[in-house]
Amino acid sequence: MKEEHIQEVLDKLKNGELTEYFVSKEDFLSVRNVLVKREDFKNFRGVAKRGGDVLYTYLETPRS
């Protein structure tokens, strides 16, 4: 996945255009590398699924 596409998807989660985003095991590291650089990193919650896939959602209140 390209960084521009990942940023676009993360912005859509933040703005409420998407309620959740599914990331496959193969794309996880690419998404994570972009995600940890964001100021609102702690507002994203990733829930691990069977097989290494992750389902991301955006929280209004940052996690601790």
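Worth pointing out:
- For segment 12-57, taking the residues that are out of contact with any strand residue (DSSP E or B) (no Cβ under 6 Å at 6 or more places or on another chain) and hydroxyl-bearing (Ser, Thr, Tyr), the one that is farthest from Met1 (Cα to Cα) is identified as Thr19.
- With respect to (1) under 19 Å from Thr61 (Cβ atoms); (2) among the acidic types (Asp, Glu); (3) assigned to a loop (DSSP other than H, G, I, E, B), the lone exception for Asp11 is condition (3).
- Any hit, segment 5-21, residues being of a type in the set (S, T, N, Q), open to solvent by 80 Å² or more (accessible area, probe 1.4 Å) and in contact (Cβ under 8 Å) with a residue 24 or more places away in the chain: yes
- Count - residues of segment 18-54 that are out of contact with any helix residue (DSSP H, G or I) (no Cβ under 6 Å at 6 or more places or on another chain) and part of a loop (DSSP other than H, G, I, E, B): 16
- Residue that is surrounded by the fewest Cβ atoms within 10 Å (Cβ to Cβ), among those in segment 22-46 that are closer than 14 Å to Thr57 by Cα and of a type in the set (Lys, Arg): Lys42
- Among the residues making up segment 43-55, those that are within 16 Å of Lys12 (Cα to Cα) and free of Cβ contacts under 8 Å to residues at least 24 places away in the same chain are Arg45, Gly46.
The values are calculated or read from the model by the stated rules, or taken from the named source; none is laboratory data. Values in this document were obtained by computation on a predicted structure and should not be read as measured data. Cβ: placed from backbone, ideal geometry, glycine included. Neighbour counts: every protein chain shown. Heavy atoms of the whole protein, side chains included, go into the accessibility calculation; ligands, DNA and RNA do not. Shrake-Rupley method; radii C 1.70, N 1.55, O 1.52, S 1.80 Å.
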